[in-house]
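Right, one structure below, let's go through it.
The values are calculated or read from the model by the stated rules, or taken from the named source; none is laboratory data. The shown structure was predicted, so the numbers you read here are calculated from the model rather than taken from an experiment. Ideal geometry is used to build each Cβ from the backbone, glycine not excepted, and the neighbour counts take in all protein chains shown. Accessible surface is based on the protein model in full, side chains and every heavy atom, while ligands, DNA and RNA are left aside. Shrake-Rupley method; radii C 1.70, N 1.55, O 1.52, S 1.80 Å.
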Amino acid sequence: VAPTTPVCEVPSSAMTGTVVQMSCKETEGSPPSEYQWYKNGVPLLEKTGTGSARAANITYTMNKKSGTLLFNTVTKNDAGEYFCEASNGIGLSQKCSVKRMQV
């Protein structure tokens, strides 16, 4: 079953240095969807090793299975327009509407 449009939870504003968690979920897809977050239209990288993530200055953890995007300490650089895409290899992937977060 192809995924439906996911529901994205993105805070409209956050204080610098706080923990921010965004979530993305859709329940119709079978097999269960994987989720990809985008910031300003660019796909966010999944953190794999410590070296590459530190080099890329990645300040978040993205879980493709649960759809969460977690910032341990949010910075001004993390402000922007976020959306998420659900896909499970069946039918078209589905995106939620873009939401802007200010820091």
Checklist entry - Restricting to the range 1-21, what's the tally of residues that are assigned to a strand (DSSP E or B), in contact (Cβ under 8 Å) with a residue 60 or more places away in the chain and open to solvent by 80 Å² or more (accessible area, probe 1.4 Å)? => result 1
Checklist entry - So which pairs qualify, if the first residue must be in the range 78-91 and farther than 12 Å from residue 5 by Cα and in contact (Cβ under 8 Å) with a residue 60 or more places away in the chain, the second must be surrounded by fewer than 19 Cβ atoms within 10 Å (Cβ to Cβ) and of a type in the set (Lys, Arg), the Cβ gap must be under 7 Å, and the two must be at least 6 apart or on different chains? => result 82/39; 82/99
Item to check | Index of the failed condition, residue 57 passing every other in (1) modelled with pLDDT of 95 or more; (2) open to solvent by 80 Å² or more (accessible area, probe 1.4 Å) | outcome: (1)
Item to check | residue 73 part of a loop (DSSP other than H, G, I, E, B), at pLDDT 95 or above and either among the hydroxyl-bearing types (Ser, Thr, Tyr) or in contact with a His (Cβ under 9 Å, 6 or more places away or on another chain) (or both) | outcome: no
Checklist entry - From the set of residues in the range 67-103 that are within 12 Å of the chain's Cα centre (by Cα) and among the β-branched types (Val, Ile, Thr), which is least open to solvent (accessible area, probe 1.4 Å)? => result 68
Item to check | Residues satisfying the stated conditions in the range 9-36, i.e. hydroxyl-bearing (Ser, Thr, Tyr) and closer than 17 Å to residue 64 by Cα | outcome: 23, 27, 30, 33, 35
Checklist entry - residue 24 is checked against (1) at pLDDT below 95; (2) part of a strand (DSSP E or B); (3) open to solvent by less than 50 Å² (accessible area, probe 1.4 Å) and fails just one. What number does that condition carry? => result (1)
